[in-house]
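To start, the structure itself, in structure tokens.
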Ligand SMILES: Cc1cc2nc3c(=O)[nH]c(=O)nc-3n(C[C@H](O)[C@H](O)[C@H](O)COP(=O)(O)O)c2cc1C
């Protein structure tokens, strides 16, 4: 079993942090289907220190929603530390992760996220400050580069993160310039794994049990993150577990099971989201479309879902699909 500092991961297969996706309802459904470790949605360090209500809503949890990790976004070591302290006083996190991976323009502009790959001094200073000040392990989520670096540049940065006190490295096998498309660089993840003594968790195109196995075998990584593969497909966690144990594939889920799980997911959202009904329904439409795209002949239905205005009507519409 993989240890992150004193903490032992319960599984090799973890739910990745996904901003705008991995809220409490998402995690509850994922856990019901075999996810044994999850991340909160990333939180912005400044917003935490300003006590923004919306940010604290992202740290909402409930009984059974553990073990869990927190990921912080920022570029100022002291503000990151203040935010981490505030978060730790409110939630029971296994470790604190620093985001050095987000490629979004608005994040890069603020010199945060993947920008930290270009600014190794700030990244390492942040890791060192948090690792020496907090009682929890500190980890970093990075990419295989900002764009244009060689593999040796990224292994050198990974080593610096380790010597600054990082307890594990999560690495998405794409550069910042690639965003979310293009080939995953398994060799670069393997090079990072070979370069450091701390656990390395691989990410990128873990979209099926076979691709999960490929990430583990080609990189030698200690564990993997499931990200887009879990959108509308919470079964992926038990599917991967089963495949890694026995090599067997589970049968495809039918329409009824998909609809039942979707409706349960929506009911959790209705209960837990802290916003007005119109905003809730907006997010619910997105979630419904994730599930429905896997169902045959669902094009018309997806068009109708995109227009629905209330939770009740959405459920009726889903019930009517067969
Ligand atoms: C909608 C979305 C939001 C994401 N948000 C975050 C985030 O907040 N923090 C982070 O470290 N990675 C984030 N990621 C990246 C994922 O954790 C993962 O590393 C990436 O999607 C590669 O895995 P995949 O190809 O299996 O999806 C996000 C990805 C997606 C698709």
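Where a number appears in this text, it was derived from the coordinates with a stated rule and is not lab data. Values in this document were obtained by computation on a predicted structure and should not be read as measured data. When we count neighbours, we look across all protein chains shown, and the Cβ atoms used for this are built from the backbone with ideal geometry, even at glycine.
Highest mean packing first, where packing is the average number of other Cβ atoms within 10 Å per residue, the peptides 28-36, 60-68 line up as 28-36, 60-68. Direction-averaged projected area, Cα convex hull, region 40-185: 8.6 nm², rounded to one decimal. Under the criterion of Cα pairs below 8 Å and six or more residues apart, the relative contact order for region 54-168 equals 26 percent. Relative to the longest principal axis of the Cα atoms of the chain, the long axis of helix 151-164 lies at roughly 80 degrees.
Listed peptides 178-185, 70-77, 116-123, 249-256 appear in the order 70-77, 116-123, 178-185, 249-256 once ranked by packing, highest mean of other Cβ atoms within 10 Å at the front.
Helix 311-320 and the longest principal axis of the C-alpha atoms of the chain enclose an angle of approximately 70°. Entry note: the chain has Rg to Rh equal to 0.97, where both radii use alpha-carbon atoms and Rh is the Kirkwood radius.
Computed on region 220-302, the Cα convex hull volume stands at 128 Å³ per residue. Relative to the longest principal axis of the Cα atoms of the chain, the long axis of helix 77-90 lies at roughly 50 degrees.
Here the relative contact order of the chain, from alpha carbon pairs under 8 Å that lie six or more residues apart, stands at 14 percent.
Average projection, convex hull of the Cα set of region 111-172: 3.9 square nanometres. If the segment from residue 242 to residue 286 were pulled out straight at 0.36 nm per residue, it would be longer than the present Cα-Cα gap by 13.0 nm. Between residue 217 and residue 159, what is the FRET efficiency for a Förster distance of 30 Å, r being their Cβ-Cβ separation, to the nearest 0.05? Efficiency, rounded to the nearest 0.05: 0.80. Note on region 255-320: Rg/Rh from C-alpha atoms, Kirkwood Rh, equals 0.93.
Mean residue ellipticity, 222 nm, helices only, the chain: the sum of -39500 (n - 2.57) across DSSP H runs of n ≥ 4, divided by residue count and rounded to 500, is -14000 deg cm²/dmol. Taking the DSSP beta bridges with both ends in region 3-246, the antiparallel portion is around 5 percent. Protection proxy ranking, highest mean first, for peptides 86-97, 15-26: 15-26, 86-97, where packing is the per-residue count of other beta-carbon atoms within 10 Å, averaged. Max-minus-min Cα coordinates of region 3-87 on each principal axis give 36, 28, 20 Å, with the largest extent listed first. Mean separation of Cα pairs under 8 Å and 6 or more residues apart, divided by the residue count, gives region 152-311 a relative contact order of 16 percent.
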